[in-house]
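Derivation of every value follows stated rules applied to the coordinates shown; laboratory data play no part. Quick caveat, the model's predicted, so the values are computed rather than measured. FYI the Cβ positions are ideal-geometry reconstructions off the backbone, even for glycines, and counts take in every protein chain you see.
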Amino acid sequence: MNRNDKIINRNMIIGWILIAGILLIAYFGEYMKGTRSLEYILMFYAATILPPAFCTIRYTRNPDDKNLRYCILVGYFIMYAFVLITGSTMMVFTYILPMLSLMVLYHRPKLTLAMGVITVILNIAYDVRLYLEGKINLENSKDVEIQMALLCLCFGFLYSASKLYDEISRKNEAYMAEIEEKNRQIQRVTLQTITTIANIIDAKDEYTKGHSQRVAEYSSAIAREMGYTEQQVQNIKYIGLLHDIGKIGIPDTILNKPTGLTEAEFNIMKQHVEIGGNILKDNKMIEHLDEGARYHHERYDGSGYNRGLKGEEIPEIARIIGVVDAYDAMTSNRIYRKRLTDDDVINEIEKGSGTQFDPKITEIFVRLLRRKKIDLLSPDASPAVSSGIEEQSAKLLRDIIDINNSRNSRNDELDYLTDAYNRKAGENYIRQMLELSDGLLILVDVINIRETNSRYGFVVGDRLIRMVASALAEFNEKMITVRFDGDQFLCFISGIKDEAEAENQMTDMHRTVTAAIRENSNFDINNICIGAVLSSMVGREYNDLIISADKALYYMKQIKKSGWYIFRTSDIKRDEKQNISKHDLDQLINSIKRQSAYEGTYNVDYPEFIKIYDFIRNVGLRNHHDVQVILLSLCANDEKNTTVEERDKAMHYLEKAIDTSLRKVDIMMRFSSTQCIIFLMNLSDEQIQIVTNRIMNMFYKIYDNKNMLLSYDVADINASSENTVDQ
């Protein structure tokens with residue numbers, strides 16, 4: 001019996017009660033007119049009310065009762081027969097017609113035929129009685145003929161309609177059965193696909209083979225014990241199979257590390273719940289599919305990750321998976337320990353009730369364990385693979401994921417020379433870490449690496465780079481180390497917010513790296529410059545941090561001094577982007593002016609600038625020429641979405657535009673990662689304007705991306721800084 005039959009039964013009863021109600025009112029009117037006795041009315045009411053009341057009670061108890069249709073028809077015939085036998089008019093036979101309008105709902109031709117035969121027999125018996133009583137003769141037999149013809153026509157048409165309706169209904173049922181079979185096939189494919197994904201995920205972690213399958217089986221056992229429907233139990237099985245799907249985004253070296261994870265590695269590992277939740281959140285085939293992946297590491301007391309949910313805030317599905325996930329971990333062997341005994345496992349689970357686990361679910365699970373209603377599956381446990389389309393789809397999915405995994409293997413994340421993360425992978429991990437907490441971003445530069453390569457050969461230069469990488473790796477196990485460029489390393493230490501702590505880290509890092517070079521090399525020690533920035537000071541936007549760390553590193557390189565420098569917000573005292581270049585230019589000019597007060601002595605932070613100034617000043621004094629300085633600055637329209645690569649590309653085009661536009665006697669040098677300095681001699685304001693316009697036109701001609709904007713500022717090196725022009 002399906003939902004459609006239930007609705008038909010309900011509509012038949014409603015229609016019957018409506019017909020009975022109309023008859024009750026009509027016969028009560030006859031009683032009031034005195035044409036019917038009270039005894040007759042009571043008998044009529046009994047025949048009219050009791051059958052539908054009985055059928056209504058039966059319907060409320062079991063709306064899907066397949067035999068209810070027969071009770072309805074028998075009950076109506078009881079009422080109809082009573083009216084027909086006791087009727088006082090030839091039109092009483094028409095009382096059967098309202099039921100005919102409802103009978104078509106059943107679309108049962110045989111039932112309609114049987115009802116028609118019984119109705120005709122009852123009406124023939126009624127006509128015979130009237131004939132014997134002398135109420136029918138040749139003069140009024142026409143009414144009887146019309147009566148019989150009308151009944152035969154009505155039931156004949158009803159039979160034809162029922163047969164047609166039944167044929168359509170049977171075709172629909174066959175079609176629906178085919179759809180249901182297709183759905184079951186899709187479910188089998190879905191289960192096999194999900195199982196394949198789960199097996200591939202487990203295969204990434206050599207210590208958890210079959211983990212997802214076991215979690216799925218244990219979770220479904222708990223759900224069934226809790227009174228879930230079979231469909232819900234099946235859904236929980238799917239959810240359990242995919243609860244660790246986020247591990248597909250975690251490096252194999254972290255998943256398969258035989259020892260404990262460092263804090264940085266564990267922070268990356270924790271991301272698998274969010275990765276999994278985001279992968280599954282848009283799936284509509286299985287309800288709450290993402291909840292198992294996203295919340296199964298939340299704890300009942302709120303100490304879990306990543307959302308810190310507690311108690312009933314955690315979805316029940318996730319609470320179930322959380323218990324069995326821990327159970328499977330304790331009952332599985334690891335390289336560093338063997339599985340716990342059954343008693344120890346139960347004790348540990350009970351100990352975690354109310355803190356790590358939901359007490360209600362814990363009680364149910366422990367009860368199942370004690371009663372041996374949960375069989376411990378072997379590591380190789382997996383469902384049998386179906387034949388046909390299910391196996392083909394699963395094989396195709398395995399091939400696709402295997403190809404994808406081979407392209408995204410751990411080797412693709414490492415720099416071939418140093419075994420540090422390559423730039424792409426390292427930046428990705430640092431961005432993830434910044435989403436979780438503040439930290440210290442560091443750029444380490446090996447100065448004069450080109451001189452080393454030229455003097456000793458590239459083999460020695462590569463050895464030096466490997467020494468630095470090895471020293472950084474040993475310096476702090478919490479630190480992410482990235483080979484950022486040929487002679488530069490990018491590092492990130494999570495959790496550092498205090499400047500004093502950052503200074504201690506920089507001091508120790510510089511000492512460690514220089515000591516490693518001194519102890520393991522026979523050639524001159526190259527200077528190690530380090531620039532760093534705290535996200536607690538600048539913000540957690542990666543691009544902003546890189547630029548700030550680069551400025552700090554550039555400062556150290558300019559003074560040609562081995563050491564470190566931490567970027568501070570006080571280094572840039574400006575509120576608007578358009579004031580950046582003006583501020584930097586003022587600083588430079590004022591610094592040079594302060595040093596130029598001492599003849600023959602130039603002890604400043606920017607020795608290259610001073611050397612150039614010394615040369616230009618002598619030329620200018622000898623020829624009575626003024627010296628002008630132009631600072632060209634690049635600024636991004638969208639800081640958050642502008643990559644370091646895009647800034648480097650724009651800077652390359654700026655240098656090219658400057659080189660094309662200047663005279664041979666003019667001097668250009670890079671001031672920072674986004675700024676260039678030009679020294680000009682004895683040009684008028686109009687001529688300076690021509691030069692700057694030429695540079696800007698050439699830059700925008702060869703640089704097709706308009707995201708980076710170019711601005712410039714001009715200062716006379718012999719004038720006061722207050723006369724600096726901001727363009």
Notebook entry, point to check: Which one of 77, 113, 52 is farthest out on the positive end of the charge dipole of the stretch 34-121, using unit charges on Cβ (Lys, Arg +1; Asp, Glu -1) and the Cα centre as origin?
Noted result: 113
Notebook entry, point to check: Ordered by residue, what ³J(HN,Hα) values in Hz, to whole numbers, does the stretch 133-149 give under the Karplus form 6.51 cos²θ - 1.76 cosθ + 1.60, where θ = phi - 60° and Gly and Pro are x?
Noted result: 7, x, 8, 10, 9, 5, 6, 10, 5, 4, 5, 5, 4, 5, 4, 5, 5
Item checked: Table column - 3J(HN,Hα) (Hz), the stretch 310-327, Karplus curve with 6.51, -1.76, 1.60, x for Gly and Pro -> 9, x, 5, 5, 7, x, 4, 4, 5, 5, 5, 5, x, 5, 6, 4, 5, 4
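Work through the residues other than residue 135 whose Cβ is under 12 Å from its Cβ and net out their charges, Lys, Arg +1 and Asp, Glu -1.
Details: positive: 129; negative: 127, 133, 139, 143.
Neighbour charge sum, excluding residue 135 itself: -3.
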Check: If amide H atoms are built 1.01 Å from N in the plane of the peptide, which residues on other chains or at least 5 residues away come under 5 Å of the amide H of residue 667?
Finding: 679
Note to self: Let's see if you can work this out: charge +1 on each Lys and Arg Cβ, -1 on each Asp and Glu Cβ, no other charges. What is the dipole magnitude of the stretch 265-374 about its Cα centre, in debye to the nearest 20?
What the structure shows: 400 debye
Margin query: For residue 36, what residues show an amide H to amide H distance below 5 Å, using hydrogens built from the backbone and excluding near sequence neighbours?
Written below: 31
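Taking the Cβ of residue 318 as the centre, find all other residues whose Cβ is under 13 Å away and add up their charges (Lys, Arg: +1; Asp, Glu: -1).
Numbers: positive: 294, 299, 307, 310, 319; negative: 244, 290, 291, 298, 312, 313, 316, 325, 358.
Local net charge: -4.
What is the magnitude of the charge dipole of the stretch 114-181 about its Cα centre, with +1 placed on the Cβ of each Lys and Arg, -1 on the Cβ of each Asp and Glu, and no other charges, expressed in debye to the nearest 20? Intermediate results must be reported in sequence, preceding the final value.
On the way: 6 positive and 11 negative charges, 70 e Å.
Charge dipole, the stretch 114-181, about its Cα centre: 340 debye, nearest 20.
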Next item on the list: Quick one: net charge around residue 458, please, counting Lys, Arg +1 and Asp, Glu -1 for every other residue with C-beta under 14 Å from its C-beta.
Entry: +1
Next item on the list: May I ask which residue of 306, 326, 295 lies farthest towards the positive end of the charge dipole of the stretch 292-331, with charges of +1 (Lys, Arg) and -1 (Asp, Glu) on Cβ and the Cα centre as origin?
Entry: 306
Notebook entry, point to check: Once fully extended, how much extra length lies between residue 261 and residue 85, figured as 0.36 nm per residue of separation less the alpha-carbon to alpha-carbon distance?
Noted result: 54.1 nm
Checklist line | Long-range HN-HN contacts of residue 414 with modeled amide H, under 5 Å | finding: 422
